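Novice: There's a structure below that I have some questions on.
The values are calculated or read from the model by the stated rules, or taken from the named source; none is laboratory data. Quick caveat: nothing in here was measured; it's all calculated off a predicted structure. Note that we place each Cβ from the backbone using ideal geometry, even for glycine, and neighbour counts take in every protein chain shown. Areas reflect the complete protein model, heavy atoms only, side chains present, ligands, DNA and RNA absent. Shrake-Rupley method; radii C 1.70, N 1.55, O 1.52, S 1.80 Å.
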Protein chains: 2
Amino acid sequence: MTDAFEGLEIRSLVTEEGDLRLSLESVTLSEPQADEVIVQVQAAPINPSDLGLLLGPADMATMRAGGTAERPVLTLTIPERRLGAVRTRMGESMPVGNEGAGVVVRAGANVADMLGKTVGMLGGAMYTQYRKLRGRDCVVLPEGASAADGASLFVNPLTALGFTETMKAEGHTALVHTAAASNLGQMLNRICLADGIPLVNIVRREEQAAILRDIGAEWIVDSSAPDFEAKLVEAIAATGATLGFDAIGGGKLAGQILHAMEVVASRGAAFSRYGSNSLKQVYIYGMLDTGPTIIDRTFGLSWGVGGWLLTPFMAKAGPEVVGRMRQRVLDELKTTFASHYTRTIGLAEALQPDVVQAYQNKATGEKYLIDPSL
Amino acid sequence: MTDAFEGLEIRSLVTEEGDLRLSLESVTLSEPQADEVIVQVQAAPINPSDLGLLLGPADMATMRAGGTAERPVLTLTIPERRLGAVRTRMGESMPVGNEGAGVVVRAGANVADMLGKTVGMLGGAMYTQYRKLRGRDCVVLPEGASAADGASLFVNPLTALGFTETMKAEGHTALVHTAAASNLGQMLNRICLADGIPLVNIVRREEQAAILRDIGAEWIVDSSAPDFEAKLVEAIAATGATLGFDAIGGGKLAGQILHAMEVVASRGAAFSRYGSNSLKQVYIYGMLDTGPTIIDRTFGLSWGVGGWLLTPFMAKAGPEVVGRMRQRVLDELKTTFASHYTRTIGLAEALQPDVVQAYQNKATGEKYLIDPSL
């Protein structure tokens with residue numbers, strides 16, 4: 001066959017003028033190599049981790065729509081003081097979308113058995129109609145699983161499993177998680193319930209607490225409640241958590257978690273001017289609040305706060321651990337790792353101002369799926 | 001012999017009323033066991049790490065003098081909001097002084113050869129006239145070394161060596177240090193110059209920069225200069241430092257160091273929304289500023305900030321590394337690890353309001369030595 005595959009894909013460009021420009025661009029794929037496949041993408045989630053590349057640090061209030069209905073163009077202004085963070089991507093039209101799923105429509109000689117199969121993919125540039133990649137970078141979905149079932153096979157499931165693997169590797173026995181009613185947070189609850197890992201869920205609203213109660217979460221603490229700090233200490237005392245994963249990043253929450261851990265660790269112990277010897281760690285993996293992290297060091301010297309990212313974690317954990325994690329995701333695709341989407345949109349729809357505003361809000365329980373074949 | 005040794009020692013007490021009370025108390029020592037010695041303490045430094053226990057979080061402006069000239073009592077108020085940090089030491093009269101040196105005046109049967117020797121000691125309660133401890137917790141000083149020479153054998157030297165050992169263990173090749181003109185900072189410069197470790201010194205005043213220039217420091221950056229951030233980037237680029245040790249703790253400095261490291265790490269690299277893969281770490285080991293640490297996360301997700309403390313470091317490093325560190329300190333006692341004291345004071349003098357105020361200021365270049373035998 002020699003017909004080239006042509007399709008549209010979402011691109012994000014930071015211009016030299018400091019604008020962020022979203023558009024649909026036409027892309028032509030050449031024939032796959034012997035080890036490659038071409039996948040017609042049918043489902044790609046909008047994860048919080050995609051928004052950093054898609055929208056960058058642009059000011060949402062400056063959104064201007066242009067182009068046509070089929071080929072919309074959306075322009076946003078990046079505040080001057082935020083330009084430094086995106087200088088290295090200026091002028092480069094960047095494809096977006098960490099993960100997705102679809103049907104193999106062309107396969108190289110060495111991977112011919114994948115033709116027609118529905119596969120999950122990780123590797124970026126998934127907000128596109130056709131994606132070429134190595135066959136071994138695809139995972140063939142189990143019988144009966146749709147592209148939507150397999151669209152979120154990697155980012156949230158592997159991140160949630162990465163939390164419990166990090167916990168074990170670093171010698172902790174229980175976890176604290178913030179923004180805990182998120183899709184990822186719900187998965188983490190299902191993993192922890194199945195594996196007997198005590199988990200303290202921190203949420204910011206009663207309705208989020210209700211979501212978690214419904215799926216059987218035992219420890220839920222509402223940071224907007226007046227007795228938040230006391231309840232957090234109570235939950236940490238009951239679970240023995242000395243490790244937290246924080247999706248919020250900005251503000252005082254990471255420090256509050258460390259402080260509560262120290263209150264528990266120093267109970268009944270003799271006074272030490274350096275605080276307890278209990279190593280208390282919070283990893284920041286998200287940026288729901290992009291403001292500064294404020295750490296009031298009221299917890300001695302055995303503490304750490306740091307960034308956590310899936311890719312370096314997997315590189316450090318090694319192929320055996322990662323293989324085990326991947327297999328579990330496939331085995332429990334429709335249970336533990338099921339994602340629920342509140343809305344499915346097409347590529348052009350994903351660039352409509354009201355839609356962008358909606359998925360950018362990251363409201364709890366809302367999750368968007370892009371179907372580029374619509 | 002049956003004469004008991006009786007002497008005075010400094011005590012720090014947090015009362016139930018929330019006062020901090022400093023006094024001299026009389027202590028009587030029984031005969032040493034077979035493995036023990038009694039040392040007449042002749043020199044014990046006032047390190048920044050001693051002040052936390054000695055003065056706690058008391059408000060210096062509330063200092064009231066009482067007692068007699070020989071047995072002074074000093075009382076300070078602890079602000080209500082700071083009481084939580086000292087609740088576990090309330091009512092307990094605590095001896096102070098991490099390290100010191102003196103002459104062995106009594107020795108148990110198994111350590112009889114130590115009698116009359118001048119020894120260095122680590123173990124707390126050194127602001128005292130006579131200290132009983134196990135012979136193996138003393139280090140016999142080299143021929144010709146005085147008690148003053150051996151008084152600061154542990155805290156600063158082992159901390160400075162701990163920084164370079166941590167650097168090697170965690171895969172870094174150069175260091176950033178703050179409050180770099182301190183006694184500890186000067187030692188660190190001598191170590192790094194001898195070992196060929198590039199070191200970026202951050203100071204806050206020109207006179208501190210001058211101190212470091214005089215001892216041959218190559219990279220000195222003044223955080224009060226208008227071009228501080230640019231100079232810091234330049235020094236980090238030249239040295240390749242990805243690890244910092246921070247004595248200050250509060251404020252934005254730790255974050256600024258991480259930011260400068262990231263600027264260097266991402267030079268010439270393709271844009272990544274998660275920042276560079278270069279792991280950037282700052283350890284906070286002091287509290288010159290007790291305010292919150294403010295981390296503006298402008299450096300991706302490969303970063304960490306945490307507490308660093310000598311004792312857990314040594315426990316983790318193991319006896320071989322610690323043995324090597326201790327031997328080096330003894331070998332280079334009068335060169336690399338020489339401490340210079342600006343004033344020597346007696347026990348009672350150490351509780352005079354003007355003297356307390358002076359050593360509490362922690363002015364660069366000033367260092368106090370207590371000689372309890374005065």
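Novice: Treat every Asp and Glu Cβ in region A:215-360 as -1 and every Lys and Arg Cβ as +1, leave all other atoms uncharged, and give the resulting dipole magnitude about the Cα centre to the nearest 20 debye.
Specialist: Using Cβ point charges on Lys, Arg, Asp and Glu, region A:215-360 gives about 480 debye.
Novice: Using the structure shown, select from B:231/B:334; B:168/B:367; B:280/B:316; A:252/A:280 the pairs with a Cα to Cα distance greater than 25 angstrom.
Specialist: B:231/B:334; B:168/B:367
Novice: Moving to a separate point now. For residue A:132, which lysines qualify as cross-link partners when the Cα separation must be under 24 Å and same-chain residues fewer than eight apart are set aside?
Specialist: A:117
Novice: Taking the full set of protein chains and a 1.4 angstrom probe, give the accessible area of residue B:355 in square angstrom, rounded to the nearest 10.
Specialist: Here the residue's solvent-accessible area equals roughly 0 Å².
Novice: Hey, in the GNM for chain B with a 10 angstrom Cα cutoff, which one of B:294, B:248, B:257 fluctuates hardest?
Specialist: B:294
Novice: Mind checking region B:1-76 for trypsin sites (Lys or Arg not before Pro) that DSSP puts in a loop (not H, G, I, E or B) and that have at most 11 other Cβ atoms within 10 Å?
Specialist: When the trypsin sites (Lys or Arg not before Pro) of region B:1-76 are filtered for loop state and at most 11 Cβ neighbours within 10 Å, nothing remains.
Novice: May I ask you to give the average projected area over all directions of the convex hull of the Cα atoms of region B:207-289, in nm² rounded to one decimal? Let's see the in-between values first.
Specialist: Numbers: hull surface 25.3 nm².
Hull-based average projected area comes out at 6.3 nm².
Novice: Continuing with the same structure: Check which residues have an amide H placed less than 5 Å from residue B:200's amide H, if you skip close sequence neighbours.
Specialist: Amide H neighbours of residue B:200, under 5 Å, 5+ apart: B:175, B:176, B:177.
Novice: Quick one: order A:267, B:131 from most to least accessible surface, probe 1.4 Å.
Specialist: A:267, B:131
Novice: Turning to a different aspect of this structure: Using only the alpha-carbon atoms of region B:180-241, report the extent along each of the three principal axes, biggest first, to the nearest angstrom.
Specialist: 31, 25, 15
Novice: Here's a follow-up. Suppose every Lys and Arg Cβ carries +1 and every Asp and Glu Cβ carries -1, with no other charges. What dipole size does region B:327-374 come out with about its Cα centre, to the nearest 20 debye?
Specialist: Values: 5 positive and 6 negative charges, 27 e Å.
Using only the charged Cβ atoms, the result is roughly 140 debye.
Novice: Between copies, how far apart are the residue A:110 label points? List them in nm, one decimal, shortest first, with each point 7 Å from Cα toward Cβ, please?
Specialist: Sorted ascending, the copy-to-copy spacings read 6.7 nm.
Novice: In region A:139-221, what is the volume of the convex hull around the alpha carbon atoms, normalised per residue and reported in Å³?
Specialist: Taking only Cα atoms, region A:139-221 has a hull volume of 111 Å³ per residue.
Novice: Separate question: Of B:203, B:160, B:242, which is farthest on the positive side of the dipole of region B:155-314, counting Cα position, with +1 on Lys and Arg Cβ, -1 on Asp and Glu Cβ, and the Cα centre as origin?
Specialist: Farthest towards the positive end: B:242.
Novice: Just the accessible area for residue A:308, please: 1.4 Å probe, Å², rounded to the nearest 10?
Specialist: That residue has around 20 Å² of solvent-accessible surface.
Novice: For the peptides B:345-353, B:46-54, B:135-143, what is the packing order when you average, over each peptide's residues, the other Cβ atoms within 10 Å and list the highest mean first?
Specialist: Highest to lowest by the protection proxy: B:46-54, B:345-353, B:135-143.
Novice: A follow-up question, please. How much accessible area per residue does the protein assembly as shown have, in Å², with a 1.4 Å probe?
Specialist: Value for the protein assembly as shown: 41 Å² per residue.
Novice: So, one more: Send over the per residue convex hull volume for chain A, Cα only, as a whole number of Å³.
Specialist: Residue-normalised Cα hull volume stands at 149 Å³.
Novice: Under a point spin-label approximation (7 Å from Cα along Cα-to-Cβ), what is the residue B:110-residue A:288 distance to one decimal in nm?
Specialist: Reported label-point gap for residue B:110 and residue A:288 is 5.8 nm.
Novice: Any idea what the dipole of the protein assembly as shown comes to, in debye rounded to 20, about its Cα centre with Lys/Arg Cβ at +1 and Asp/Glu Cβ at -1?
Specialist: With only Lys, Arg, Asp and Glu charged at Cβ, the dipole is about 260 debye.
Novice: Within the protein assembly as shown, what whole-number % of the accessible surface is contributed by carbon and sulfur, with the 1.4 Å probe and all protein chains included in the calculation? Show your work: numbers first, answer last.
Specialist: Details: 15670 of 31000 Å².
Its accessible area is 51 percent carbon and sulfur atoms.
Novice: Using only helices, what value at 222 nm comes out for chain B when you add -39,500 (n - 2.57) per DSSP H run of length 4 or more and divide by the total residues, to the nearest 500 deg cm²/dmol?
Specialist: Helix-only estimate at 222 nm: -8000 deg cm²/dmol.
Novice: Can you pull the accessible area of residue A:239 for me, 1.4 Å probe, Å² to the nearest 10?
Specialist: 20 Å²
Novice: Under Stokes-Einstein, with the Kirkwood radius over Cα pairs standing in for Rh, what whole-number D in µm²/s applies to region B:155-314 at 37 °C and 0.692 mPa s?
Specialist: Answer from the Stokes-Einstein relation: 211 µm²/s.
Novice: Please state the shape class of the protein assembly as shown: rounded when a/c is under 1.5, otherwise prolate if a/b exceeds b/c and oblate if not, all from the C-alpha gyration tensor.
Specialist: Because a/c hits 1.5 or more and a/b exceeds b/c, the protein assembly as shown counts as prolate.
Novice: Any idea which of A:259, B:223, A:30 is furthest toward the positive side of the dipole for the protein assembly as shown, if Lys and Arg beta-carbons carry +1 and Asp and Glu beta-carbons -1?
Specialist: In the protein assembly as shown, that residue is A:30.
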